[in-house]
1. For region B:195-221, what are the residues that are surrounded by 13 or more Cβ atoms within 10 Å (Cβ to Cβ), of a type in the set (A, V, I, L, M, F, W, C) and in contact (Cβ under 8 Å) with a residue 12 or more places away in the chain?
2. Which numbered condition trips up A:ARG118, out of (1) facing another protein chain (nearest Cβ under 9 Å); (2) over 23 Å from B:SER167 (Cβ atoms); (3) among the charged types (D, E, K, R)?
3. Anything in region A:59-93 that is of a type in the set (Ser, Thr, Tyr), surrounded by fewer than 23 Cβ atoms within 10 Å (Cβ to Cβ) and within 25 Å of A:LYS188 (Cα to Cα)? List them, or say none.
4. Spot the failing condition for B:ALA210; the list is (1) part of a loop (DSSP other than H, G, I, E, B); (2) out of contact with any strand residue (DSSP E or B) (no Cβ under 8 Å at 6 or more places or on another chain), and only one is missed.
5. Away from every other protein chain (no Cβ under 14 Å) and either within 28 Å of A:GLN8 (Cα to Cα) or touching a helix residue (DSSP H, G or I) at 6+ places or on another chain (Cβ under 8 Å) (or both): which single residue out of A:PHE41, A:PHE106, A:PHE111 fits that description?
6. Is region B:56-64 home to any residue that is more than 10 Å from every other protein chain (Cβ to nearest Cβ), within 23 Å of B:LYS163 (Cβ to Cβ) and in contact with a Gly (Cβ under 9 Å, 6 or more places away or on another chain)?
7. Anything in region B:23-50 that is surrounded by 13 or more Cβ atoms within 10 Å (Cβ to Cβ), part of a helix (DSSP H, G or I), away from chain A (no Cβ under 14 Å) and not aliphatic (A, V, I, L, M)? List them, or say none.
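The values are calculated or read from the model by the stated rules, or taken from the named source; none is laboratory data. As the structure is a prediction and not an experimental result, all values here were calculated from the model. Positions of Cβ are backbone-derived with ideal geometry, glycine not excepted, and every protein chain shown enters the neighbour counts.
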Amino acid sequence: MSQEAVVQTRSLAKVYRDFWGRQKVRALKALDLEVYKGEVFGLLGPNGSGKTTTIKLILGLLFPTEGDALVFGKSASDVSKNDRLGYLPEESYLYKFLNAEETLDFYARLFDMPAEQRTERIDSLIKLVGLDRARKRQLQEYSKGMTRRIGLAQALINDPDLILLDEPTSGLDPIGTREMKDMILRLKEQGKTVIMCSHLLADVQDVCDRIAILHQGELKELGRVDELLTIEDVTQIRAKGLSEDCKNELRDVISRHGGELQDLSNPTTTLEELFLEIVRDSAARPGRRAQPAEPVQAAGGEGQG
Amino acid sequence: MVLEEEILPYLQWLTGGPEGSIGAIPWFFVIVFALLVLGLLLGFAISAARHGPLGGGDRVYRTLTAGFREMTHLSGRRIWALARLAIKEALRRRVVVALIVFLVILLFASWFLKADHKDPTKLYMSFVLTATTYLMLGIALVLSAFSLPTDFKTKTIYTVVTKPVRSGEIVLGRILGFSLLGTVMLLIMALSSYVFVIRSLSHAHEIDAANLRRIEGPGGEVIGYEGRTTRDLYHRHTIDLGSEKSGTAIVENGHYHTIEGEDGPVVSSSQGLLRARQPLYGKLRYLDRKGVDKERGISVGSEWTYRSFIEGNSQAAAIWTFRGLDASQVIETESGEQLPVGLIVRVFKTHKGIIGKAITGGIQVRNPETGLTSELYPFEALDAQVDEQNIPRKLTSTENEPIDLFDDIVTEKGGRMELIVQCLERGQYFGFAQPDCYIRLPDASPAWNLVKVYSSIWVQMVIVVAIGVSASTLLNGPVAMLFTVSFILLGFFKDFFEGVATGTEYGGGPVESLYRLLTQKNIITDLDPGAGATFIQSVDSVLKLFMLAIAQVLPDFSSFSTVGFAAYGFNVPPDRVLQDLTICLAYVAGTAVVGYFLLRTREVAK
C-alpha cells in the first residue's frame, strides 16, 4: 500500500460553544491521524465520541478550534479539495422534491460536468445502485434503503478519490448492507480511499484495513484491523471430516503440551450469511420453502478468523 | 403627476453633477470602502476574541484572500444549477398560489373600482400596479428569507457545500433563481392586469343621427354637426363632426373616440386610455406680488411643500424656462402650427366663488434674451387637471405686433423660452411645482411604457430577493424575514429616517421621541434643560450616527415606484429606468459579496 497521506489531522480539536462563547462540550481533543491512499479507514466509537465531528472537520463543515485538517494536502476549508471528494452523510440529506435523475443531475452540475458526461455518469450510477426502475420517482417516495442508495450515487457522481461515509449501512437491510460493503471493497480495489464511521462493528471489521477508536473525543486505539483483533496466545484450528477418535487425540496432544483446550465444537455461520443464503434460495425457487443452509460451507469454508 | 425629485441625465447621475453633487459611482465606492473597513474590523474583533490577535489577523487575512480568489472562480453552470433548484423548491412551496390570489383580487376588484371616476384609467392602473408591487415584494420576501435556512434545517446544505461550490455561487444561484421565477410571475400578473384594465374600461357609444344638430355656414350650407353620444360607462361625450359626419368625440374621463361618417356616424372603441405623454420639463422660478424674483411662491399652509402658490390679480407669476425647443416640436392643427403645452394647476380659493367654475389664468411666452413678450392668453383652470394648452406659432406681442414663436421668442442658442403663468382672479391662488408645466413631445408607446413601469417593480423585487438571501446566510428564516421587512420599511421611509438622523425632523432622536411619547410632550417644544435632557440627547447623538450610516445603504423604495407615471399617463424617462437598473445591480453585487462572507465564515454543521 502506498504511504501517500490523503487525509492528515494535526492536533485537531473542536470545542462547541454556546451563543455567548461559553464552552459547552469539548468534542475532540488533539487528534493526530493519517489516512493513506487506497485504504479503507474506519472511525469507531460510541455516541458522542467525536467521530462525526472528525468527519465534519475533514469536510470543512466545522471549523477546528485548534489544529488543522488537511485533505489532499489542502486545508479543509479550501473548497477546491471537494473536486476529488465524495460524501455520504448519515441521513442522506437530499432534496426530496427531486427524482433520482434530477438529484444526480443537480450534483453533477455542481462539479461543472458537461452535459454529455453528466448523462452518461447518471445513467451508470443509477444502474450501479439498482434504482433504474425508480429513476423518475421523487425521493420523498423512496424507502430508507433506496434513499441511502441514491445518497451513495451522489457521493460517487464525480468519481472521487476520497469517499467519506457516515454510517453507510445505517437503515439498510442485510442485502443492502452486504451490497454496501461489497461496494466499499470494490472502491478499494479501484484504488479509492474510503473513510467510514459506524456503530456496527461487524461491518467495520469486514471492510476496514485500519481503524481508529475514539472515546470522549480522544483517540484510544489506532492500527490495522487484523493486527488489533489477533489474540496472540490463542491458536485456532479448523478442519473438516474429523472422527471422534481424532478429536480425542487432539485433546490429548493439547493437554500433553500444557495447553488449555477452550473449545472444540462445530462452528456456526453468521446470521447475515444464513439470511443471505435463504434469500438467494428463495429468489432462485420462488414459492417454496427455502432449503436449510449449509453452515460450514458458508463460514468455515472461507477460513475466516 | 408628482415628481418630487428631478430626474438627472443618466451619465450625470452616474458620475456626478456640475453642481457639486456626488455621482452614483463615486458614492458606491465610498460605501463599499466603508463597509470593507467595518467588515474587517468586526471580523478581526470576533476572530481575535477566539484565536488571539495573531491568529485572528491570520484568519481574517486568509478569509479575505480566499474570498477574492474564489470570486474569480465562479462557475455559470453551478450558479444555474442552484438557480434551477431554487425555482423547483419555490414551485414545490406552492408559490403559484400567489398568482391565484392575484387573479382572485382582480376578479373582485371590479366590484369596488368604479368606472364613473373622472379618470378611471388612473384608478385602475394605480390599483393593479400597487397590488402587483406589494404581492411581488411579499413573495420575494418569503421565498428569499426562508430558502437557505430551510437547507440548514434539513441539512441538505451538507451535500451542497461538500461539492466544489463557492459560497458566492450559493448566494448568486438563489438570487438568480428567485428573480427568474419572480420575473415569470410578474409577466403573468402584467398580462392579466393589462387584460383586466382594457376589458374593464373599453367601451363604445352610439350616436342617434336624428339628434345631430347641423351647423350651417353663412350661405346655409352644412359645415358640420354637433351633438352628444349616448351615456355608457357613466359618461357621455360631446361630439364635433365635419360635414362628412366624421371627427372626434371630445375627451371625457381621460379618453376619446373617433367617429367615422360613412354609412352613418359610427363611434370607435375608446382610445387614449393608456397614454405615455413625453414631457420636456423646464426650470421654475417665481415672481412675488410686487414682481420681484423669488425661488418659491407663497405657502398656503399646506404641510406638503411640494407646490408653492402665486396670488391672483397681482404681479405674482410662475415662470418656467425651457431649453432645447425647436420647430420640429410643433403640431399641425386646424388653427395652424402650435406648440403643445401641458399644465397642471392646483387652485387654492380664499372665497368660494361659483362651485365647479374654473378660475381664469393667463399665459405669456417671453424671449429670455430680448425680453420680447407675447400678449396674455387667458385659460380656464380646474383644480388638479392636466390642461393641454397649445401655444400658436403666430402670436401677437404686448406691443400688438405680429411675432413668430420660433423666430422671435425662442432663442437661437439653446432654444430657450420663458413661459409665464398668472392667476387673474382676485383672492384666488394658483399652486405649481416644477413638473406641473411641460412641453408635450409626441407620446411614446404606452405598451413600452408599461414595460418600463413593470421594470421598476422588478427592480424592487430583485432588491428584496438579494437582501433576503443575504440575510438568510446568517439568520434563521423568521429572523431573516423580520430583518428584510425592517429594511424594506425603513427603505420606504428613507427620507424620514435620514431626517431623524440628521436632525431635520421635529421631535429629536429615537430616545427623545420615546420620552416625548411617554410624557405626552409635543414634538415642537424643547426639552426642559437639565441632566436628563443632556443624557437623552447624548444617547441620541450616538444613535443618530448609526442611523445615518444605515440610511446610506437603505434602498429608497418610495423613489423606485413608477406607478404614478402609468396612472397619470406619463412616459417613464429612460434615464430613470437606467438609474433604477444600475441601483439594482449595485444592490445585487453588494449583497452577494456580504452574503458570500457571511456564509463563508459560518460553520455549516454547527
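1. B:PHE196, B:VAL197, B:ILE198, B:LEU201, B:ALA204, B:ILE207, B:LEU212 - these are the residues of region B:195-221 that are surrounded by 13 or more Cβ atoms within 10 Å (Cβ to Cβ), of a type in the set (A, V, I, L, M, F, W, C) and in contact (Cβ under 8 Å) with a residue 12 or more places away in the chain.
2. (1)
3. If the condition is that a residue be of a type in the set (Ser, Thr, Tyr), surrounded by fewer than 23 Cβ atoms within 10 Å (Cβ to Cβ) and within 25 Å of A:LYS188 (Cα to Cα), then A:SER75, A:SER80, A:TYR93 are the ones that fit.
4. Failing condition for B:ALA210: (1).
5. Matching residue, one of A:PHE41, A:PHE106, A:PHE111: A:PHE41.
6. Among the residues of region B:56-64, not one is more than 10 Å from every other protein chain (Cβ to nearest Cβ), within 23 Å of B:LYS163 (Cβ to Cβ) and in contact with a Gly (Cβ under 9 Å, 6 or more places away or on another chain), which makes the answer no.
7. B:TRP27, B:PHE28, B:GLY39, B:PHE44
Residues are listed down the side, and each one gets a yes or a no for (1) within 19 Å of B:PRO279 (Cβ to Cβ); (2) at pLDDT 95 or above:
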residue: B:LEU372; (1), (2): no, no
residue: B:TYR377; (1), (2): no, no
residue: B:GLU401; (1), (2): no, no
residue: B:THR411; (1), (2): no, no
residue: B:ASP436; (1), (2): yes, no
residue: B:SER455; (1), (2): no, yes
residue: B:ILE467; (1), (2): no, yes
